[in-house]
Amino acid sequence: MAEYTDEQYFNLADKVYENDYLKKGKAVYSKDGSQWKVINYTDNYESGLQAIAVVPLKDYQKGKTTYENVVFVSRGSEGREFMKDWIHTDVGKLGMGLKPETDAQLRNVAGDNLAKLAAVANHVKLPGMGLFALPDWYVNSHNQFFDYQTFVNQTVQDFHVKDYSFTGHSLGGALALFMAV
C-alpha cells in the first residue's frame, strides 16, 4: 500500500478545480513537489461531477492497464454549478438523504418523467417522506454520488487497480468519504 502525505492529498484536491487536468495523460505538478499523471477522468455535464484518477508520475506509462495505487480526486461545490452542486447534490441528495441506489432505481423505473412515479409508489421506499413530496428537480437531477461510484468502479476495473484512496474538498470530500466507506 502506497503512503501519500496529507499535503499531497490536499494539493491534489486543490488542483482538480483546474479544467486543464480533465484529460487523460495530463501531468499534475503539486506545490509539494510531487508529480502525478491523470489515467482517467470524468466531466459529467448532467450531474456536474468532475473528478480525476491519478498515479505518481514514476508509475505512469502510456498504454499501461495495471496500476498498484491510484488516487481518486473529486471537485467540491462550485459557484458556476450552483444548481447541480449546491441545490441538487448538497441540499437535495445529501440533505434529503436519498441513497444513490434508490435514486438510480427511481430513474430506471420512472425515467425523467415524474408523473410515471405514481405507478411505482408501492415498489420504492423513500426515507421519511411520501413519494409525491419529491420535487421534480430532485428526481430528474442526476446523482453525483452514483456517477462517482460508477467512475471509480470502472477505473478500478479498466486499470486492474489493487489499492486506491480518495481525496476532495467540500462536496468532493463527501464523495471521497462515500466511496471510502
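Nothing in this text is a laboratory measurement; each read-out follows from the coordinates by a stated rule. Every value quoted in this text rests on a predicted model; they were computed, and no experiment measured them. Here the Cβ positions follow ideal geometry from the backbone for every residue, glycine too, while neighbour counts run over all protein chains shown.
So here's what we get for this one:
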read-out: Sorted peptide list for 162-170, 20-28, 150-158, criterion being average Cβ within 10 angstrom, highest first; value: 162-170, 150-158, 20-28
read-out: Too-long pairs where the Cα-Cα distance tops 19 Å, listed order kept, from Lys23/Lys162; Lys37/Lys64; Lys24/Lys64; Lys26/Lys64; value: Lys23/Lys162
read-out: For peptides 171-180, 50-59, sequence by mean Cβ density within 10 Å, most packed first; value: 50-59, 171-180
